[in-house]
Number of protein chains: 2
Amino acid sequence: MGGVNMYISSVETYLLGTNITNKELGELINFKPQLIEKLFGNYGRHFSTDILTGKINNNTSDLISIVLRKLIEKNKNSHHDIDFIITSTATPDHLLPTSINEACYKLGIKNIETYQIIGGCSGAVQALNLAKYILKSGLHKKGILVGVECSNKFLNLLDSGNQKTDTREIVNYVLFGDGVGGCILSSEETRNSLTINEVSYKYIGLDEKIGQLANWKGTRENMNHSPMLQEEYKLIEKIVPELTQDSFKSFLSENNLKISDKMWLMPPQLSGKMVDVICKKIEFPETHILSRVADIGNCANAALFFQLKEFFDVANDGEDGIAISIESSRWLTSRVHVKKGGKCAK
Amino acid sequence: MGGVNMYISSVETYLLGTNITNKELGELINFKPQLIEKLFGNYGRHFSTDILTGKINNNTSDLISIVLRKLIEKNKNSHHDIDFIITSTATPDHLLPTSINEACYKLGIKNIETYQIIGGCSGAVQALNLAKYILKSGLHKKGILVGVECSNKFLNLLDSGNQKTDTREIVNYVLFGDGVGGCILSSEETRNSLTINEVSYKYIGLDEKIGQLANWKGTRENMNHSPMLQEEYKLIEKIVPELTQDSFKSFLSENNLKISDKMWLMPPQLSGKMVDVICKKIEFPETHILSRVADIGNCANAALFFQLKEFFDVANDGEDGIAISIESSRWLTSRVHVKKGGKCAK
């Protein structure tokens, strides 16, 4: 990308409570556990809500503050050289104050540029892309990115099942998981850091229906409120693998690369089944796919950080990681190319 | 700021329907018109909702697309050299798709980086600050910023008044207005453009209560939903003038400037009364204050663009404009220093 380089020195993630199995979830929403696995390929997830009592244990700003604290501990136990924080989420606690500012308040972090962008599956890459510009501008040297999702608090696990007769609604209980992840991003290399070779993101303007819609409500009761989340699952199943293939092909040709065992793929996150479909379509070897979606559900804005953490842990110096996110809300495509190790590893 | 410069070549704004007077509003919410003017100093506003029928005439993405179209017309009738669009709002239509992506879809704009940040009164400056980094990075040359507010669709003008007995709730009907504004931002100077000399924004971490809260709801009915908007008006009245004074003082000293008739102030937007209090506190001459809040209400994310448009229209070459926004959600402070004319005007 020329000029200033960009490095990830730490990646941290956090999941709430215990893993909720398909058996537990299936009993709750009256859906066969075997069918959850067959249809979606998912077998676990973590929720912000206690599934026995309905009590909300953590909200979005709690999750942000947990990961912020972990990252700051890694940063010589200090936030004083952190210039900016960008959070991306589809499920903020309120519209205002933003959840990132609430988290800063909880931790006593002051005098810092904070931003909260709204995005779905591409949100974390949007945040990374904005951070790229900030570092490239030369005006700042170090920032923190946080991707967080806490959708479960808006769903009602304990209702009588009336609201969940619509498949588009049931899907939300099965696909998603709550979680948070983040990283420290810096223009200076540190030992064992990841180098960001490329980030890209755009609204592509596909002439298709909305694939995913996340709703919100005010106090006004005379509005026509549709369900909180809606998935056009069949449309997503058709389009996401195609867009991933396009993005992956152009990545290979632009970088003059071929699939090799020095390359790791972080595929789009929807469900375990979709990961299989996507990776088969681009003929990517199963051993080098980094995805947590099957065991923790789709954590949307947090998902990329779970993948980057895996890459951080398993890749050897000089190996490539390519993350692709496709957001089905209004069809956004985004990509990140990371390399284990810094310039010295090239 | 060194390196790449930054210019605003066009500013556009838009208000919905006709002006709603204090008399009309007062009758609707059972509040004396004279008291609205006395307490808040506001005498007009525009709503996205028809006050007679309750029908919602426009939503946030409609407003964004109106201003986007106007800006694109000014940009040689083309969006093809626009690299990015950043929207800021506290009242998106949905969480996903973002309202900016919906607006792009409506206009057929494709293959562009779109971002939607959530912010209150400081949102437009946050967007401008992010755009600064994008241009300074040298990776892009031209972008559009849009600030939009469409809060009225979430309030119920036609209910029996029960919800509006709480002053914190009534304040929302009186203070706010719907509106949209935007600008084209470029690293290249054009005739008559504004030069951005400085932009700054930060979360300051004041140890105070939340001044403003904007809520949202999911389908879950067993949550404790508080009112859509809440204002700690007394706290805001105390803190905003103080923070504005601090920011203005440091602006003057950092730039070695004194108040002169070549300087225009764009003060924080809450109400007409607050503008008076703020400007008296810093002893700024009334003739050089640019504010539309008294006649159009607080349009939050759109307000800065209404002020910049006034500056664009009234300032002479070489004159300074200083905009200060204080966001009372979690106490954010932000500032923009613009100059009429470009380098040649210095």
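3J(HN,Hα) along the stretch A:6-20, derived from phi through the Karplus expression 6.51 cos²θ - 1.76 cosθ + 1.60 where θ = phi - 60°, amounts to 9, 10, 9, 8, 9, 10, 10, 9, 8, 10, 7, x, 9, 5, 9 Hz, with x in place of Gly and Pro. Each residue of the stretch B:96-113 was assigned a 3J(HN,Hα) from its phi angle through the Karplus expression (A = 6.51, B = -1.76, C = 1.60, θ = phi - 60°), giving 10, x, 5, 5, 5, 5, 4, 5, 4, 4, 4, 8, x, 7, 9, 6, 9, 7 Hz with x at Gly and Pro.
Pairwise inverse Cα distances across the stretch A:6-71, averaged and inverted, put the Kirkwood hydrodynamic radius at 13.9 Å.
In the stretch A:6-186, Cα pairs under 8 Å separated by at least six residues give a relative contact order of 35 percent.
The 3J(HN,Hα) values that the Karplus relation (6.51, -1.76, 1.60; θ = phi - 60°) gives for the stretch A:186-191 are, in residue order, 9, 8, 10, 6, 10, 4 Hz. Gly and Pro appear as x. In plain terms, the chain from A:Ile204 to A:Asn192 could stretch by 0.8 nm, reckoned as 0.36 nm per residue minus the Cα-Cα distance. The trypsin sites (Lys or Arg not before Pro) of the stretch B:1-55 that meet both conditions, a loop assignment by DSSP and at most 11 other Cβ atoms within 10 Å of the site Cβ, are B:Lys55. A DSSP coil position with no more than 15 other Cβ atoms inside 10 Å describes none of the chymotrypsin sites (Phe, Trp or Tyr not before Pro) in the stretch A:1-90. Shown here: the protein assembly as shown, whose C-alpha atoms stretch 70, 58, 49 Å along the first, second and third principal axes, sorted largest to smallest. Computed over chain A, the P(r) tail beyond 30 angstrom holds 33 percent of alpha carbon pairs.
Listed cross-link partners B:Lys209/B:Lys238; A:Lys132/A:Lys340; B:Lys132/B:Lys258; A:Lys202/B:Lys202; A:Lys249/B:Lys106 are compared with a 23 Å cut-off, the Cα-Cα value being larger for B:Lys132/B:Lys258; A:Lys202/B:Lys202; A:Lys249/B:Lys106. Taking the Kirkwood radius as Rh and the Cα radius of gyration as Rg, the stretch A:46-136 has a ratio of Rg/Rh equal to 0.99. Before anything else, pin down the relative contact order of chain B: Cα pairs under 8 Å, at least 6 apart, normalised by residue count, whole percent. The normalised contact order for chain B reaches 26 percent. For the stretch A:274-339, the direction-averaged projected area of the alpha-carbon convex hull comes to 4.8 nm².
In this structure the amide hydrogen of B:Ile326, modeled in the peptide plane, comes within under 5 Å of the amide hydrogens of B:Gln269, none closer than 5 places in sequence on its chain. The region of chain A that goes longest without hitting one of the GluC sites (Glu not before Pro) in a DSSP loop, each with at most 10 other Cβ atoms within 10 Å, is A:1-220. Here the stretch B:6-186 has an Rg and Dmax of 17.9, 56 Å, counting Cα atoms alone. Considering chain A as a Gaussian network with a 10 Å cut-off on Cα pairs, which listed residue, A:Leu39, A:Leu175, A:Leu243, attains the greatest mean-square fluctuation? Fluctuation is largest for A:Leu39.
Rule-based calculations on the coordinates, nothing more; no lab input. Predicted model only: the values in this text are computed from it and were never measured. For neighbour counting, all protein chains shown are included, and Cβ atoms are generated from backbone atoms with ideal geometry for every residue, glycine included.
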